[in-house]
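Undergrad: Submitted below is the structure of interest, expressed as structure tokens.
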2 protein chains.
Amino acid sequence: MLNLVTYLNEKRQIIDHALDAAMPAPDERPTLLHQAMRYSVFSGGKRLRPILCMAASNAINGTDDNAITPAIAVELIHSYTLIHDDLPSMDNDDTRRGKPTVHRKYGEANAVLAGDALQALAFEILADSTMPDSTKISLIRELAGAAGSRGVVGGQVEDIAAINVPPDADTIRWIHLHKTADLFRTAVRMGAIAGNATAAQVANLGQYAESIGLAFQITDDILDANSGGKRSAIDTPSNCMHVLSAQDARKQADEQIVKAMAALKLIDGNTIPLEAIAQFVLERTC
Amino acid sequence: MLNLVTYLNEKRQIIDHALDAAMPAPDERPTLLHQAMRYSVFSGGKRLRPILCMAASNAINGTDDNAITPAIAVELIHSYTLIHDDLPSMDNDDTRRGKPTVHRKYGEANAVLAGDALQALAFEILADSTMPDSTKISLIRELAGAAGSRGVVGGQVEDIAAINVPPDADTIRWIHLHKTADLFRTAVRMGAIAGNATAAQVANLGQYAESIGLAFQITDDILDANSGGKRSAIDTPSNCMHVLSAQDARKQADEQIVKAMAALKLIDGNTIPLEAIAQFVLERTC
């Protein structure tokens, strides 16, 4: 019987330790930059993407050691996108997780640059790791594709454009897929690749994660619309609650989790943590 | 006898063709993002860094084909840094090379994101290229190091900080080294690595390029201070003319070129184009 809270905490500690070791020290020049990078990365995130990366590796008998570098590379990319998404020219958020956003604390220029440096660091640690070169190249290709204009950045551009042109259901789906699901899928595919998965295992785990990512964004949209939280549904044009009833949104999230579970069934391995995380994504309340 | 103008034009055509082939089409979704990326990359730059990359490869008997992918990867990084440097939160420039800057034409959010996507694309094309995996990893490591917090981004952070704390000569030198010379050195080292240079050749060519980069920035500072151009010396706190006489600045640039030429002498190969580019950097008037 898996205790998910214990599991998540254990993985989170491994990830936080590795992130600390991979990042330049806060007293290394330029100190302000390195402090801003650390402020962003150690701001209390759930570490869901890197945990999924490690769980995917574990599922096909890969070790935590196999997966730790891709796991933290994904988290560095995630952190940089949060810094840039929060900028005044984008979501203009003053706080994130109850603390001042990076640009509020370190200034806008340093926030842009801290994000830029985190992106470079993600690729640097993959290139510097001790994995076989062919594995490193597969991982860098995965991550660069997901991070680029056909992935997360593309999703964010259309999310910004949605402020001026209210998006239809198809466009919202496109935004969810690229802005959110692409990095989930890549995190899990990278864990699988690092654990020497077969091509079929990589594909099925990737399908699992894409569905998890879509379910995550839908539940995020439901939580935003229902709460007096960080942003109301009205402020977020790509919130699916603009075009779906609460019931239909919930139904779509449920369907994605069913799809995720079906993809996991095709994996020959220990998928219990991945199943539990899928339920966690669906049932989370914050 | 080398005709440098012809040489530079020939290389520039090869580079522009490869950049065009490597970048997403302007009608690929999100079209605005891909158009902004292309607007930045095809805005009339001199292509000095990618030309140096190819010339370094040629010097040690590497082909243009060996060097073209690292050459354009460096140029994508250079383009992204120009977009971000021009942002309102940084240099707040309205024009670059006589045309509106990316944020003036496409909006600030899209400018940040176009830069982000260009950085990811640089690593993606290296990972996707047909070079041996070990070469690709060496190149990605070089580029990520130069692009990160210990390289170009670190230099830019201290350049921004210099607005509030007038920098001394050592700090200005540090900024020049990281903001400018790091990408020159990396461009040339990558060309050498892609052409299968020995470790000694990579090191000597890297020394050549670092000196070229420093000379380039000093001549840039002299040109800025003397012209009613894009930015006066007073507006740029890291301009070395704040702490040097025109004569001393010119002398430092000369010394760097002497150093560059001395490093080239240690290379067993055809260094004529690299020598000519060194003179060009020193004598340029725009």
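Values in this text are rule-based calculations from the coordinates and carry no lab data. Quantities reported herein were computed from a predicted structural model and do not represent experimental measurements. Cβ atoms come from the backbone with ideal geometry, glycine included; neighbour counts cover every protein chain shown.
Undergrad: Taking amide H positions as placed in the peptide plane 1.01 Å from N, state which residues far from A:Arg96 in sequence (5 or more) or on other chains have amide H under 5 Å from it.
TA: Here A:Thr101 satisfy the definition.
Undergrad: Residue by residue, what Karplus-based ³J(HN,Hα) values in Hz, rounded to whole numbers, does the stretch A:114-125 have, using 6.51, -1.76 and 1.60 with θ = phi - 60° and x for Gly and Pro?
TA: Values per residue, Gly and Pro as x: 4, x, 4, 5, 5, 5, 4, 4, 4, 6, 5, 5 Hz.
Undergrad: Oh, and also: At B:Val5, label 7 Å along Cα→Cβ: distances to the other copies, nm, ascending?
TA: Spacings between copies for this position, smallest first, are 7.6 nm.
Undergrad: Could you tell me the distance between the Cα centroids of the stretch A:120-137 and the stretch B:169-230, to the nearest Å?
TA: For the stretch A:120-137 versus the stretch B:169-230, the Cα centre distance is 26 Å.
Undergrad: List, shortest first and in nm to one decimal, how far the label point of A:Lys251 (7 Å from Cα along Cα→Cβ) is from its counterparts in the other copies.
TA: 8.2
Undergrad: Among B:Ala109, B:Ala147, B:Ala22, which one moves the most in a GNM of chain B with springs linking Cα atoms closer than 10 Å?
TA: Result: B:Ala109 has the largest fluctuation of those listed.
Undergrad: Sticking with this structure for a sec: Apply the Karplus curve 6.51 cos²θ - 1.76 cosθ + 1.60, θ = phi - 60°, to the phi angles in the stretch A:85-96 and return the couplings in whole Hz, x for Gly and Pro.
TA: Taking θ as phi minus 60°, the curve returns 4, 6, 4, x, 6, 10, 7, 6, 8, 8, 10, 9 Hz for the stretch A:85-96.
Undergrad: How large is ³J(HN,Hα) for each residue in the stretch A:56-67, as worked out from phi by the Karplus curve 6.51 cos²θ - 1.76 cosθ + 1.60 (θ = phi - 60°), to whole Hz, x for Gly and Pro?
TA: Coupling constants for the stretch A:56-67: 5, 4, 4, 4, 10, 6, x, 8, 4, 4, 4, 9 Hz.
Undergrad: Based on the Cα atoms of chain A, what semi-axes does the equivalent ellipsoid have, where each is the square root of 5 times one gyration tensor eigenvalue, given in whole Å with the largest first?
TA: 26, 26, 17
Undergrad: Set the bar at 32 Å for Cα to Cα. Now go through B:Lys11/B:Lys179; B:Lys46/B:Lys136; B:Lys99/B:Lys179; A:Lys99/A:Lys136; A:Lys46/B:Lys99 and name every pair that lies beyond it.
TA: Long pairs (Cα-Cα over 32 Å): A:Lys99/A:Lys136; A:Lys46/B:Lys99.
Undergrad: Would you list, by chain and number, the aspartates and glutamates whose Cα falls below 18 Å from the Cα of A:Lys259, excluding same-chain residues fewer than 8 positions away?
TA: Within the straight-line limit of under 18 Å, A:Lys259 reaches these aspartates and glutamates: A:Asp182, A:Glu210, A:Asp248, A:Asp268, A:Glu275, A:Glu283.
Undergrad: So which lysines pass the test for A:Lys265, namely a Cα distance under 19 Å, with those fewer than 8 places away in the same chain ruled out?
TA: By straight Cα distance, A:Lys265 reaches no lysines at all.
Undergrad: Also, quick follow-up: Note the distances from B:Gly44 to each other copy's matching label point, with points 7 Å along the Cα-to-beta-carbon direction, in nm, sorted shortest first.
TA: Between copies, matching label points for B:Gly44 lie 5.1 nm apart.
Undergrad: Return, ordered by residue number, the residues of the stretch B:248-286 whose backbone nitrogen is under 17 Å from a label point located 7 Å along Cα→Cβ of B:Met1.
TA: Within reach of a label on B:Met1, which here means backbone N under 17 Å from a point 7 Å along Cα→Cβ, the stretch B:248-286 contributes B:272-273, B:276.
Undergrad: Follow-up question, since we're still on this one. Taking the Cα centre as origin and putting +1 on Lys and Arg beta-carbons and -1 on Asp and Glu beta-carbons, what dipole magnitude results for chain B, to the nearest 20 debye?
TA: The dipole magnitude comes to about 280 debye.
Undergrad: Identify the trypsin sites (Lys or Arg not before Pro) of the stretch A:1-100 meeting these criteria: DSSP loop state and at most 13 other C-beta atoms within 10 Å of the C-beta.
TA: A:Lys46, A:Arg97
Undergrad: Next up: As an exercise, take the mean of 1/r over every pair of distinct alpha carbons in the protein assembly as shown, invert it, and state the Kirkwood radius in angstroms.
TA: This gives a value of 24.4 Å.
Undergrad: Next up: If the reach is capped at under 14 angstrom between alpha carbons, list the aspartates and glutamates near A:Lys105, excluding any in the same chain fewer than eight residues apart.
TA: A:Asp86, A:Asp93, A:Asp94
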